[in-house]
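Here is the structure we will look at.
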Amino acid sequence: MLLLESLPTVIGAAAIAPALLVLWLVIAAGERPGPPARVWIAFLLGAASISLLGLARAPFAALLAIPGNPWMTQALRSVFGVAAPEEIVKVLVIVAVSARRRTFADPMDTVVYGAAAGLGFAAYENLAYLVQHADMWRSLAALRSVLTVPFHGALGIIAGAYIAIARAGTALGAHRHNRDWARISNWTLVLFAPIALHAGFDFPLLSLQGNPDLDPNTRLILGSASVLIGFSGIGFAARLVRRVGRHHAPRTELARERLSQLRRMWALLVAGGGAGFAGVAFLLTSIHHWFINPEHNASLVLIPIGLTSILIGFALLLATTAVYIFGRNRMRTMSEGFSSVPGPG
C-alpha cells in the first residue's frame, strides 16, 4: 500500500484526468472544432497562469489588510484574495489565445479556449491539493472532480462565451437594441461574472475554514450554499454554451443526427467514467484499510461497492460503443437520402 500511495503517476492521473475529460466534452460540443494546438496552448497556459497569481494579488494587498469582523474579512479574501486574481489571469490567457482568430472562426472556439484555460488552471491546482494532502488524496480527488474541476472549467466557459458574444454582435443576438450599452455590459461580464460566481462559491468555504466553532446548522447552510452556487455556475455556463451554439447549429438532418448521437455518447461516457473512477477509488481505499486495519473489517464493505461501481462503468462504456457502432451505420444509411451541404442561410 505504501507503494501505491507513493506513486506520483496515480495521484497525477487522479488530478488531471477529470479536467481532461471535461475538456474533451466541451470540444466535442462544437460543430466545427477549432485548432487543437490552440486548445492545448490554452490548457497549458491556464495551468502556468497560477505562477502569476502573486502579481495579480499585489494590487489588492491593501484591501486584504483592512481589519474588521471575521465575516467581512472572509468576504474580502474571497473576492480580492482568491476570485479576482484567479479569474484575471485566466481571462488574460483566453484573450491572448483567441486574439488571432481564424477567418470565419466559430464563436464556439473562444468558448473552448475559455474551458481549456479554466481546466488547465484546475488541473494544476488539483495536483497541488492532492500532493499536499496525500493521506486523503482519493476522497479529495473524488470530491474535487465532481464539483471544483467542472466549476473552474465553467468559469472559463463563461468568460469565453461573453468574449464571443461581445465580438459577434448581432450574429449572437447581443446588440439588437442599445448596442453600445450591450457591448460594454458584455465586456464587463467577461471578468465580473466569473469573479462574482467564484467569490460566492469560496466565501462559504472560507467561512467554514476560518470559523471552526460555528454551530452545525450554520455549517450545513454554508456548505449547501457553496454547493448550490457551484452547480448553478456550471448550469449557467451550459446555458451560455447553448446560446452561442444555437446560432451555429447544424442545418441538415444528417448533421443533427450526428450531434444527437454524440450527445448520447457524451452522457454515457461521463456516467461510465465517473462510475469507474469511483469504483477504483473504493478499491484502493479498501486495500489501504486492509493493510492498516488489523481487523480487516472496513475493507469488506468497500470491496463490493467498488466492484459494483466498476461493473456499472464498464457496462456504460460498452453501451457507448454500441451507440457509436449502430449510430454510425444508421448515419451511413441516412447519408444516402440527405445532403450534408448546408442550405443558404
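Once you have the Cα-Cα distance between LEU311 and THR188, take 0.36 nm times their residue separation minus that, and quote the gain in nm to one decimal.
39.6 nm
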Q: Could you work out the local net charge near ILE158, counting Lys and Arg as +1, Asp and Glu as -1, over the other residues with Cβ closer than 12 Å to its Cβ?
A: +2
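Read-outs throughout are calculated quantities, based only on the coordinates presented, and are distinct from any laboratory measurement. Everything numeric here is computed off the predicted structure, so don't read it as measured data. Cβ sites come from the backbone with ideal geometry, for glycine too, and all protein chains shown count toward neighbours.
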